[in-house]
Amino acid sequence: MGRILIVEDERAIADIVAFNLNREGYESEIALDGTRGLSLALEEEFDLILLDVMLPGLDGWEVLKALREQKTTPVIMLTAREEELDKIHGLELGADDYITKPFSMNELKARIKANLRRVEYAKTAPSPTTEGLTVDRSLMRVCKDGRVLELTAREYALLVFLYDHRGSVFSREQLLEQVWEFDGFLGDLRVVDVMVRRLREKVEDDPGNPVLIRTKRGAGYYMEG
Ligand code: CA
């Protein structure tokens, strides 16, 4: 099913999450502080990381930033309501998703499933190629002019989604629904803009003048057909 790292300093929360995940068939590991969480995340292989923001040692943002310098493991941030504004900050640092505390176990399991499913889908769908861009789905790797791009699972999913549907314009709502799988839940639309901006910085020759991921003013984003 998958191996999940839980980085959470509140023992009671960490334990109940681990208990529920284990019951679903996941294997889980707990780190009670940021320093330990980061070293586990770097040394071992996880399919997904649940990362609390307020942590002793390194906080969640510091862990995420250091992790992203080396690995693209999907990360779901666990944020408290008052940290709402920081969600965008987290996405800019390379988080794939976030869930607001307090969350229900069903909500958490659904987010985990959606994130793991996206990684699976990305591995099995056929490989697209477009000017200078090659996508190797088995490795979830994108090369630009022969150079490997470091993309997070979410950036990869967005790029592949737009590629698979090139020629069609998608609104931010549609992308939230399709790529983030926010079923019927109206997420923060800026999340999409942040992700597109980050992706452009990685795939475009001139991010300020994008040719691969285009903006249709007032409508959304698309890739040329
Ligand atoms: Ca905490």
Q. If ligands, DNA and RNA are left out, what is the accessible area of E10 with a 1.4 Å probe, given in Å² to the nearest 10?
A. 90 Å²
Q: May I ask you to give the percent of accessible area on region 125-223 that is carbon plus sulfur, with a probe radius of 1.4 Å?
A: 46 percent
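With a 1.4 Å probe and all protein chains kept in place, how do R3, R172 rank by accessible area, largest first? Working shown, then result.
Values: R3 50, R172 80 Å².
Result of the area sort, largest leading: R172, R3.
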Q. Out of residues 5 or more away from M77 or on other chains, whose amide H comes under 5 Å of its own, with H placed 1.01 Å from N in the peptide plane?
A. L51, D96, D97, Y98, I99
Q: Determine the calculated [θ] at 222 nm for the chain from helices alone, applying -39500 (n - 2.57) to every DSSP H run no shorter than 4 residues and normalising by the residue count; nearest 500 deg cm²/dmol.
A: -13000 deg cm²/dmol
Q.
What number results when the radius of gyration of the chain, computed over Cα atoms, is divided by 2.2 N^0.38 Å?
A. 1.00
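Per residue, how much space in cubic angstrom lies within the convex hull of the C-alpha atoms of region 143-184?
Details: hull volume 3.1 nm³, N = 42.
Cα convex hull per residue, to the nearest whole number: 74 Å³.
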Q: Give the peptides 149-158, 199-208 in descending order of average Cβ contacts within 10 Å, highest first.
A: 149-158, 199-208
Q) In this model, which of K71/K202; K65/K144; K65/K216 are farther than 25 Å apart at the alpha-carbon? A) K65/K216
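Taking only the C-alpha atoms, wrap a convex hull around region 125-223 and report its volume per residue in Å³ as a whole number. Write out the running numbers ahead of the final one.
Numbers: hull volume 9.7 nm³, N = 99.
Each residue corresponds to 98 Å³ of Cα convex hull volume.
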Q) Cα-Cα pairs above 23 Å in region 3-118: how many percent? A) 17 percent
Q | Kirkwood Rh (inverse of mean 1/r, distinct Cα pairs), region 1-48, angstrom | A | 10.7 Å
Q: Kindly report the accessible area of region 125-223 per residue (heavy atoms of protein chains, probe 1.4 Å, no ligands, DNA or RNA), in Å².
A: 50 Å²
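Ordering W61, W180 from largest to smallest accessible area (1.4 angstrom probe), what's the sequence? If you can, show how the numbers build up before the last one.
Details: W61 30, W180 5 Å².
Result, largest first: W61, W180.
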Q | Exposure ranking of F170, F19 by accessible area [1.4 Å probe, largest first] | A | F19, F170
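Restricting to the chain, what percent of DSSP beta bridges are antiparallel, rounded to 5?
On the way: 14 of 32 bridges.
Within the chain, antiparallel bridges account for around 45 percent of the total.
The values are calculated or read from the model by the stated rules, or taken from the named source; none is laboratory data. A quick note: this is a predicted structure, and the numbers were derived from the prediction, not measured. Please note: Cβ atoms are built from the backbone with ideal geometry, for glycine as well, and neighbour counts cover all protein chains shown. Accessible surface areas use protein heavy atoms only, side chains included; no ligands, DNA or RNA. Shrake-Rupley method; radii C 1.70, N 1.55, O 1.52, S 1.80 Å.
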